[in-house]
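Working notes, structure below.
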Amino acid sequence: MALYKILVVDNDKSMAEVIASSIESEDYEVMKAHSGAEAVALIARARPDLVVTDLKMSDIDGIGVLKEAKKIDPDVVVVIVTAFASIQTAINAMKEGAYDYVIKPFKLDELRIVVSRGLDLRMIKAENVSLKKELERQYGLENIIGKSREMERLFETIRKVSEVDTTVMITGESGTGKELVARAIHYNSPRRGSQFVAVNCGALPEGILESELFGHVKGAYTGAVSTKAGLFQEADHGTLFLDEIGITTPAIQVSLLRVLQDREIRMVGDTKSVRVDVRIIAATNEDLEAKVKAGAFREDLYYRLTVIPIEIPPLRRRRDDIPLLIRHIVGKLAVRTGMVK
C-alpha cells in the first residue's frame, strides 16, 4: 500500500505523464489532473499529501489550485512548476503557502528531490500533530487521579485557570503532583500549541540558573564559547514552569520580577533586552508567606506570582482516592510487565 498520495496537475497531458512517471514509486500513489477545476475536485475527494501543479493553466491557474488546496487541507504540500519568465509569480505563490517551485525546463532528478523533501516535511508535521495530541492526552485532567471533593475542586480550578492567561502559584507537599497540575493547565490552555518548559530552581546554582533561564552571549563568562538562548526564549508563546521557586536567590528574584513587569529578558553579558511572551507557573512546597515576612523572599515578586493560588491537597486529606490510585498504578505496571494481579 502506498504511503503517500501525489497529484500532478498540467494542461499538457504529455507533460503530466512525464512528471507522474518520473516520481512514481511503490511508496507513491500518483494521480493526474489536466485542468485546475479537475485538480480542485480531486483534491477534495482524494486528499493528496502533495500537489505538483503547473502555474499557467487555462481555467484555474496554479495559484488558484494552491489557494483551494490550502482551504481543503492546510497541511497539503504544493510545488509550483513555472517558466523562468514567471518566477516572481512563483515566489509570490510561496508567500501564499507553496512549499517550493521548479523552473522549466527542469531536470527530473531535481523535481524528485523537491517532492521527497516536501513529503518529509508533511511527515514531520503529521508527527508533530500526533505528538501534541498525545501530550494533551497524557497531561489531560483525566490523568490526575482522584474523585474526592478536594480533587473535584482542584479540577474545577484547573479548568478555570486554563482559560485565564495569568501567573499561577501551585503549592503542596513534595510528591503531590505540582508539575502534573502545571502541565494540565498548559495543555488545556490556548498556549498548548507551544512549548511547556520546566526547570527545578532548587537544583541549579545561581550562576547556572541565571544562564539557563535567560541565556547568555558568547564571551559572557569563562566557558561561554557561543551564544545560547535561555528557557524563557524556548518557552516563548508557551509556558515556563518554575519549580521550587522559594529557593531562588535575591538576584534571580529581581530578574524574574523584571520579566513579569516588562515582558523582557536580558541575556547574561548582553546590553539589549529581548521581548518574550511567556506564561509563568511557579510551584513551591515551602511557606512563601512566612519567607516574605522573614525577608527571605521578595514581597512584590510573591504577589506577582500568586495572582491565582492553587493548593494541592496531600493524600492523607483525600483518603477516598487511595483505591483509585492503587488501581491506576497497578494497571500501569500490568501493561509494562505483562503481569496482571
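Points worth noting:
- When Glu264 is tested against (1) closer than 26 Å to Leu209 by Cα; (2) open to solvent by less than 50 Å² (accessible area, probe 1.4 Å); (3) of a type outside the set (A, V, I, L, M, F, W, C), only condition (2) is not met.
- Failed criterion for Gly146 (all others in (1) assigned to a loop (DSSP other than H, G, I, E, B); (2) under 24 Å from Leu257 (Cβ atoms); (3) open to solvent by less than 20 Å² (accessible area, probe 1.4 Å) hold): (2)
- Residue check, Leu256 open to solvent by less than 20 Å² (accessible area, probe 1.4 Å) and either part of a helix (DSSP H, G or I) or touching a residue at least 12 places away in the same chain (Cβ under 8 Å) (or both): yes
- Note on the range 154-242: enclosed helices (runs of 4 or more DSSP H) holding 3 or more residues that are among the charged types (D, E, K, R) and open to solvent by 10 Å² or more (accessible area, probe 1.4 Å) are 178-187, 206-214.
- Filter result (open to solvent by 60 Å² or more (accessible area, probe 1.4 Å), part of a helix (DSSP H, G or I) and either among the charged types (D, E, K, R) or at pLDDT below 85 (or both)) within the range 298-328: Glu299, Asp300, Arg304, Arg316, Arg317, Arg319, Asp320, Arg327, His328
- Beta carbons closer than 7 Å, at least 6 apart along the sequence or on distinct chains, pair a first residue in the range 298-320 that is touching a residue at least 12 places away in the same chain (Cβ under 8 Å) with a second that is among the charged types (D, E, K, R) and assigned to a helix (DSSP H, G or I) for Ile312/Lys178; Pro313/Glu150; Leu315/Asp321; Arg317/Glu150; Arg318/Glu150.
The values are calculated or read from the model by the stated rules, or taken from the named source; none is laboratory data. The structure displayed is predicted, hence computed values, not measured ones. Cβ sites come from the backbone with ideal geometry, for glycine too, and all protein chains shown count toward neighbours. When the accessible area is computed, the model is the full protein with side chains, heavy atoms only, and any ligands, DNA or RNA have been set aside. Shrake-Rupley method; radii C 1.70, N 1.55, O 1.52, S 1.80 Å.
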